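All remarks here apply to the structure that follows.
The values are calculated or read from the model by the stated rules, or taken from the named source; none is laboratory data. As the structure is a prediction and not an experimental result, all values here were calculated from the model. Surface accessibility is based on the protein's heavy atoms, side chains included, excluding ligands, DNA and RNA. Shrake-Rupley method; radii C 1.70, N 1.55, O 1.52, S 1.80 Å.
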Amino acid sequence: MTRSQITADMAVDDQADPGHVRSARALVQGVRWRSGLSQGEFARAFGIPLAQLAALELGQARPDAALTAYLRVIDHAPDMVREALERF
């Protein structure tokens with residue numbers, strides 16, 4: 001992988017210490033993969049538009065700070081997120 005390829009897929013927070021920079025694409029893919037859900041199932045379960053989720057996983061878009069936080073909460077406590085969403 002070349003430096004330009006790495007830079008093109010850099011993290012959500014471009015100002016972060018380089019040692020703590022995370023790939024936005026890897027974050028989204030990892031959270032969904034750990035959920036065991038397909039893109040469609042994940043999008044429906046957590047209220048994320050399917051087209052946006054697909055673009056994020058392809059590296060064509062980056063999550064904003066709010067979506068990044070939401071993905072981290074989903075990753076940490078998916079059942080609690082689902083329960084909270086069912087209340088509305």
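Overview of values
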| item | result |
| --- | --- |
| Protein-only accessible surface order, largest first, of 73, 31 at 1.4 Å | 73, 31 |
| Sequence of 44, 34 from largest to smallest accessible area, 1.4 Å probe | 44, 34 |
| Largest-first ordering by accessible area, 1.4 Å probe, given options 38, 23 | 38, 23 |
